[in-house]
1. Can you pull the one-decimal nm distance between simple spin-label points at residue 15 and residue 282, each 7 Å off the Cα toward Cβ?
2. Using only the Cα atoms of the stretch 78-212, what do you get for the radius of gyration and for Dmax, in Å?
3. Could you give the accessible area per residue of the chain, probe 1.4 Å, as a whole number in Å²?
4. Quick check: residue separation of residue 115 and residue 128 times 0.36 nm, minus the Cα distance between them. What number comes out in nm?
5. For the chain, which longest stretch is free of loop sites, where a loop site is one of the chymotrypsin sites (Phe, Trp or Tyr not before Pro) that DSSP puts outside H, G, I, E and B and that has at most 14 other Cβ atoms within 10 Å?
6. I need the shape label for the stretch 126-206. Rule: rounded when a/c is under 1.5, else prolate if a/b > b/c, else oblate, with a, b, c from the alpha carbon gyration tensor.
7. Of the heavy-atom accessible surface of the stretch 137-284 (probe 1.4 angstrom), what whole percent is carbon and sulfur?
8. Can you list the trypsin sites (Lys or Arg not before Pro) in the stretch 66-148 that are in a DSSP coil and have 16 or fewer other beta carbons within 10 angstrom?
Amino acid sequence: MSYIELKGISYKYPVGDEKVLKDISLSLEKGKVYALIGANGAGKTTICNLIRGFIPHFFKGDLDGEMLIEGRDIREWEMGDLAQKMGYIFQNPFTQISGTKDTVFEEIAFGLENLRVEVPVIKERVAEIIKLFGLESLQEKNPQQLSGGQRQRVSLASIMVMDPEILIIDEPTSQLDPQATEEVFKIINIMKQRGKTIILVEHKIELIAEYADRVILVEDGKVAMKGKTKDILSDIKAMDHGILLPQYALLGYEMQKNDRLHEIPVTESEAIGVFTKWMAGKEN
Ligand SMILES: Nc1ncnc2c1ncn2[C@@H]1O[C@H](COP(=O)(O)OP(=O)(O)O)[C@@H](O)[C@H]1O
Ligand SMILES: [Mg+2]
């Protein structure tokens, strides 16, 4: 049984006459990082809304096919149970802060407080997350005074403190500079190492190459390609679907025009390995 399974899913929002998801089938395993990629309007956020139960619980419309979490149809799950199982982070770091707390520590504690967890337990768990994410220097700051990148890291911390099994992260870095983006990805990587199942919508392909286990390429409401990150991001066919391959893969293809490379790299460390081997071959 797959952890999360979509079987022949089609969906049309109540407003609009076209199906925005068309016969999507996916099987997601526990503990893996899945990157959803594809052009704007392809249907990535809609897939996220489906997995977290907003479709069909809040958005009505026409849903066909089966969407199962742990083998149980999404229609049968209680929203409250889904909310405990999944954390959701979206694009705009400025709207995710409660606006009611004076310090980052309290902000991160907010969700546990709402669940009426005992104060000493809250303190312990918040302190643990702050340490894990390296947010010590921010903990006494006012959340309103943080930069976009800092807010996004605090948002991730306030989700992680609830210890969800699944994290759905929709374009977390689209409004961040490269440095803040790196910081956010370091945190996503910590979540990954903690065994979370992560569904990540992201456009920065080099970061996907580095951190995702699997890539799902969505195009016009359909799954155009899916597979291991390395296989998809080194496949020239992805470019026919509007995806720019990582720079190392492009360089690899350039080099392959004249010479043999034993593989197309997608990350920096792979590139170093592949090109070192290639140079050694030249010398012999
Ligand atoms: N709430 C909504 N009601 C009607 N149509 C929507 C709604 N949200 C998104 N859409 C439409 O669904 C399609 C897919 O959108 P979306 O899932 O947001 O794509 P992506 O996240 O890949 O950019 C788009 O054509 C979009 O206009
Ligand atoms: Mg989107």
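The values are calculated or read from the model by the stated rules, or taken from the named source; none is laboratory data. Bear in mind the structure is a predicted one, so any value in this text is a computation, not a measurement. So basically every Cβ, Gly included, is an ideal-geometry build from the backbone, and we count neighbours across all protein chains shown. Accessible surface areas use protein heavy atoms only, side chains included; no ligands, DNA or RNA. Shrake-Rupley method; radii C 1.70, N 1.55, O 1.52, S 1.80 Å.
1. Placing both labels 7 Å beyond Cα along the Cβ direction yields 5.8 nm.
2. When restricted to Cα atoms, the stretch 78-212 yields Rg and Dmax of 14.1, 42 Å.
3. For the chain, the solvent-accessible area averages 49 Å² per residue.
4. 2.9 nm
5. Longest stretch, sites excluded: 95-284.
6. On the way: a/c = 1.84, a/b = 1.11, b/c = 1.66.
It is oblate, given that a/c is not under 1.5 and a/b is not larger than b/c.
7. Values: 3460 of 7120 Å².
Summing carbon and sulfur atoms, their accessible area is 49 percent of the total for the stretch 137-284.
8. Values: sites: 72, 75, 85, 101, 116, 123, 125, 131, 141; in loops: 101, 116, 141.
Sites meeting the loop and neighbour criteria: 116.
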